[in-house]
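**Q** Before we start, here is the structure in question, set down as structure tokens.
Laboratory data are not the source of any read-out in this text; all were calculated from the coordinates shown. Bear in mind the structure is a predicted one, so any value in this text is a computation, not a measurement. Here the Cβ positions follow ideal geometry from the backbone for every residue, glycine too, while neighbour counts run over all protein chains shown.
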Amino acid sequence: MVDIEKNGEFVKVEQKFTSWRDLLKPVTEKDFKPGFYHYPILKRDAEQLGIPYRDWDPLEPDWKLPEGWKETFLNKFKELLEKNRQFKLFMDICVRCGACADKCHYYIGTGDPKNMPVARAELLRSIYRRYFTKVGKIFGEWAGARELTEDVIKELYYYLYQCSLCRRCSAFCPYGIDTADIVWRGREMLQSIGTVQRFSYISIAACARTGNHLGLLPGGVAGALQSVAEDVYDITGIEIEVPINKKGADILFVTPSADYFATPHWYVCMGYLMLFHELEERYGFSYTWSTYASEGGNFGTFASYELAQKLSHKIYEEAERLGVKWILGGECGHMWRDKHQFMATMNPPPKTLEDPVSPITGTYFENAAEAKIVHIAEFVADLIEHKKINLDKSRNDHWKVTFHDSCNPARGMGLYEEPRYVIKNVCNYFYEMPEHSIREKTYCCGSGGGLLADEVMELRMRGGMPRAMALKHVHKRYGVNYLCTICAIDKAAFPTLFEFWKLPVEVGGMMELVGNALIMSDEEQERELDLRGNPLKKNEE
Amino acid sequence: MSLVYLKLFIADVLPYIAGIIFIVGTINRIINWAKSPVPLKIPTTCGQQKSLPFIRRTWEDRLDSPYTMCETIGRMIVEVFLFRSLFRNTRYWLDKQKGVDTRWLWLFALLFHYSMLIIVLRHLRFFANPVPGFLSIINALDGQPAYVPALYITGILALVALFWLWARRILCSRERNISYPADHLILALVAAILITGNLMRYFFKVDLYAVKEVALGIVSFHPVSAAVVNQIGWIFFLHLSLVCITIAYLPFSKVMHFAGVFFSPTRNMPNDNRAHVHINPWNPPYHGISWQEYYEMYKDQLDEIAENGYKVKPEV
């Protein structure tokens, strides 16, 4: 047992060590701890998405599983094995070397042995061995196989939703076993019997219906963008016209809907509007927002292939309808796992799109040649390199900044240097967190992969512990007071996490810092406030 | 008398049974993996992607986040021969709340696998007549000539590394937690093979000419006679039958990772997703609302946006 300090208080992490037999013995509703299990899916979302629905409570002994659930589950298992080489392979080749064990932030924070990535995968592997391998059929438990019972379903529900699909373990695995992929398949199987969580399905259903996770209708999106523009006016005195659903624009801009709805995402959205306005004034940049494709993120990637495809499809369809040349994507984590690795495979890009060439610098984004979607950090880094925008770094002098590599842009895309390049060009004080917690070894915020639900708060706070402790290190050492991240879930999760761990550090995005530093050509007075309304440091002196 | 039949069975029959099970089993596994489709390109990107010309990519980035075919092959080579991912290993110290580099697992895994490789190569000299030059060189390099017979370093190293790996599974509580009987079984089998092999070489010596005759007999399909097997001590047959049992067990065990690692899509695919779109052979059609349906649903609000000239202005 280890006590972890937070300003005089302590959080206990009790590490439990059991035996291989306990690994195969399912935990049930009796062992479910509050703060660790999710609420079940809502009726309206299940009905909209065609998921079998029943009224059940995870804490009741009877989960009222639908008739023939075992067969449905195993058939889905078989289908997924046949359709996914990686899944079949990951079921077969694990040697249980334990390299992944203490790489999972949930394992570190909870000490629960079943939160080791290897144990999480064994939840499904044990069923795989029993029903799909001869050795498992014959030797049973001795070969690490187990029967599929109702209790096993309960355990799957409990632990498959304690993984944020961050893929940190996959970076350390000698065979590259991707726990995120295994968990994704497992959740897909659970979905076939309607035993899924509430949180992400609310957003999936909303996005399938309205085009964004928040369920904002077109007027709501327009109204939100108008409010962002009003806030920009308050700071800069510039009236920005925001193009929306505009046909014939050069570029379609998509970003997570949280960017125009939540704080601190809001300041990032102000940054987007300011940058695009400046480019429009100086270079005739033409872009548009969309209401039909008003969501960059994709909670479908937490659930199943089909749901992921359902949500990402709209972006290409909208790009084709509006006749844009290519797509620019905002700051988001899992969005970029989807946009970089999934979207173009799930939805063939329309032929009407053109080569992604920056209209300002003429740079051809060769790495986005076929998918035609460029990350905002790539776009802005290119502008800065070609000196196309004027920046005043000193406007960020009140921030001592560190950068949190979000899981998916890091391990699912390889976007490490572009945001750092931008940040170093827009602020004077930049410090890296310890080496074991950045770049490909970065820790999750603890709330990704569908875990941003309030009912799993303790899990989230514990899972975020390694990140919080790494931040505490630079906070104490360099006085870091601003954590910059390029993920919408990070921005939503970190303020709560840092409050819990008693870290007085603000959370924001890269584009907020760019917005602060950006010298706008039609700005008449000297800027006095940053985008949050804080006085700028030079004015204080 | 019956012992001779047992010896003949082990020398003349068992290797074929084991060999057939191994070959058929392994090919089966590989075909099973190879014929299943790869729906998505999912490399784990542990280094900087290729993007803009002024964003620097080091050679490590190229290997950890490959963009071209050559870089991807490079990544696989480094992964398979140098255990790149294990080299990255850290250990999280809860009391200090930080991760610290730990490369013991990498070191002993590397020692074990390379020692086993050299041991297998050394054994090939029994199956070839005359012995090819490179096998003699390996033999000479491995043998420590200060002792008679020359002490094979790998024979000892493999055993040491194996016991280190095994001790880790028994003594470290976390690893004990995740070790199935199957994990101990394979370690026990390999340990038994190594121990009988070492005992045979240094303590219970056997007639190597007769052993070579058995080995050549196996590969040339000429079963040896009772006269030959009677010249060889029992420990050889113990060693050989353990080897055969292990070889036959491999296709059903986790040892298949030796073949599986080549198929792992998080390692063997380039990180060029947006430049070259991957095709999923079973990609289903889109089921969801189209723009037209969306327009019908929210006609009023969308028309209002259109009336305002497809733009929103701040009210100031």
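**Q** Arranged from highest to lowest average of other beta-carbon atoms within 10 Å per residue, in what order do the peptides A:27-39, A:84-96 appear?
**A** Averaged packing, sorted descending, gives the order A:84-96, A:27-39.
**Q** Same structure again: From the phi angles alone, apply the Karplus equation (6.51, -1.76, 1.60; θ = phi - 60°) to segment B:72-87 and give each ³J(HN,Hα) in whole Hz, x where the residue is Gly or Pro.
**A** 5, 4, x, 4, 4, 4, 5, 5, 6, 8, 10, 6, 3, 5, 5, 5
**Q** Determine ³J(HN,Hα), in whole Hz, for all residues of segment A:66-83 in sequence, where each value follows from phi through the Karplus function 6.51 cos²θ - 1.76 cosθ + 1.60 and θ = phi - 60°; x replaces Gly and Pro.
**A** So the Karplus estimates, Gly and Pro as x, are x, 4, x, 4, 5, 5, 4, 4, 5, 5, 5, 4, 4, 4, 5, 5, 5, 8 Hz.
**Q** List A:TRP69, B:TRP93 from most exposed to least, where exposure is judged by having the fewest other Cβ atoms within 10 Å.
**A** Least to most surrounded, the residues fall as B:TRP93, A:TRP69.
**Q** Considering only DSSP beta bridges where both residues belong to segment A:204-540, give the percentage that are antiparallel (nearest 5).
**A** For segment A:204-540, the DSSP antiparallel bridge percentage is about 15.
**Q** List the residues whose amide H sits under 5 Å from the amide H of B:THR90, counting only those 5 or more places along or on another chain, with H placed 1.01 Å from N in the peptide plane.
**A** Answer set, sorted by chain and number: B:THR102.
**Q** Moving on. What does the net charge come to around A:TYR316 if you take all other residues with beta carbon closer than 14 Å to its beta carbon, with K and R at +1 and D and E at -1?
**A** +1
**Q** Can you list the aspartates and glutamates whose alpha carbon sits under 14 Å from that of B:LYS50, skipping same-chain ones fewer than 8 residues off?
**A** Cα-Cα hits under 14 Å: A:GLU366, A:GLU378, A:ASP382, A:GLU417, A:GLU418, B:GLU60, B:ASP61, B:ASP64, B:GLU71, B:ASP272.
**Q** Please state the shape class of segment A:1-114: rounded when a/c is under 1.5, otherwise prolate if a/b exceeds b/c and oblate if not, all from the C-alpha gyration tensor.
**A** oblate
**Q** Right, here's the next one. Going by Cα centres, segment A:3-35 and segment A:329-365 are how many Å apart?
**A** Between the Cα centres of segment A:3-35 and segment A:329-365 lies a distance of 42 Å.
**Q** While we're here: How far apart, in nm, are the 7 Å Cα→Cβ label points at A:GLU5 and B:VAL13?
**A** 7.2
**Q** Starting from the Cα-Cα distance between B:LEU171 and B:ALA128, subtract it from 0.36 nm times their residue separation and give me the gain in nm to one decimal.
**A** 11.2 nm
**Q** Amide H neighbours of B:LYS98 under 5 Å, counting only residues 5+ apart in sequence or on other chains, H built in-plane at 1.01 Å?
**A** Under 5 Å from the amide H of B:LYS98 lie the amide H atoms of B:TRP93, each far enough along the sequence or on another chain.
**Q** Average the reciprocal distances over every distinct pair of alpha-carbons in segment B:2-307, invert the result, and give the Kirkwood radius in Å.
**A** Here the Kirkwood hydrodynamic radius works out to 24.0 Å.
**Q** Which whole-angstrom value gives the distance between the alpha carbon centres of segment B:152-204 and segment A:170-242?
**A** Using only Cα atoms to place each centre, the spacing works out to 50 Å.
**Q** Same structure again: What is the magnitude of the charge dipole of segment A:204-540 about its Cα centre, with +1 placed on the Cβ of each Lys and Arg, -1 on the Cβ of each Asp and Glu, and no other charges, expressed in debye to the nearest 20?
**A** 1040
**Q** Using helices alone, what [θ] at 222 nm do you get for the protein assembly as shown, with -39,500 (n - 2.57) per DSSP H run of 4 or more residues, divided over all residues and rounded to the nearest 500?
**A** -15000 deg cm²/dmol
**Q** Can you compute the modelled spin-label distance between B:VAL100 and A:LYS424, with each label point 7 Å from Cα toward Cβ, in nm?
**A** 3.0
**Q** Also, quick follow-up: Straight distance only, please: which lysines reach the Cα of B:LYS299 with their own Cα at less than 20 Å, same-chain residues fewer than 8 apart left out?
**A** Output for B:LYS299: A:LYS246, A:LYS247, A:LYS314, B:LYS311.
**Q** Something else about it: Nearest 20 debye, what's the magnitude of the dipole of segment B:2-307 about its Cα centre given +1 on Lys and Arg Cβ and -1 on Asp and Glu Cβ?
**A** 1200
**Q** Counting only other chains, what is the mean number of Cβ atoms within 10 angstrom of the Cβ of each residue in peptide A:305-312?
**A** That average works out to 3.
**Q** Counting only residues 5 or more places away or on other chains, whose amide H sits under 5 Å from the amide H of B:TYR152 once H atoms are built in the peptide plane?
**A** Here the answer is B:GLN144, since their amide H atoms fall under 5 Å of that of B:TYR152.
**Q** Here's something else I'd like to know. Using +1 at the Cβ of each Lys and Arg and -1 at the Cβ of each Asp and Glu in the protein assembly as shown, identify which of A:TRP63, A:LEU23, B:PHE54 lies farthest towards the dipole's positive end.
**A** A:LEU23
**Q** With the crude spin-label approximation of a point 7 Å out along Cα→Cβ, what separation in nm comes out for B:ILE245 versus A:ASN481?
**A** 7.0
**Q** Within 10 Å of each Cβ in B:94-102, how many Cβ atoms from other chains are there, averaged over the peptide?
**A** Shielding by partners across B:94-102 averages 6.
**Q** Please say if segment A:1-46 is rounded, prolate or oblate, where rounded means a/c under 1.5 for a ≥ b ≥ c the square roots of the C-alpha gyration tensor eigenvalues, and otherwise the choice is prolate for a/b larger than b/c and oblate otherwise?
**A** Oblate shape, in that a/c is at least 1.5 and b/c is the bigger or equal ratio.
**Q** Grab every C-alpha pair in the protein assembly as shown, bin the distances at 20 angstrom width from 0 up to the longest one, and report whole percents.
**A** With 20 Å bins starting at 0, P(r) equals 14, 44, 29, 11, 2, 0.
**Q** Using the Karplus equation 6.51 cos²θ - 1.76 cosθ + 1.60 (θ = phi - 60°), what ³J(HN,Hα) coupling, rounded to whole Hz, does each residue of segment A:430-438 give in order, writing x for Gly and Pro?
**A** 10, 10, 8, 6, x, 4, 6, 10, 10
**Q** For segment A:55-118 and segment B:78-102, write down the distance between their C-alpha centroids in whole Å.
**A** A separation of 25 Å, based on Cα centres.
**Q** Could I ask something else about it? Could you tell me the calculated FRET efficiency between B:LYS299 and A:GLU458, based on Cβ-Cβ distance and R0 = 51 angstrom, to the nearest 0.05?
**A** Once rounded, the FRET efficiency stands at 0.65.
**Q** Within 10 Å of each Cβ in A:216-223, how many Cβ atoms from other chains are there, averaged over the peptide?
**A** Shielding by partners across A:216-223 averages 5.
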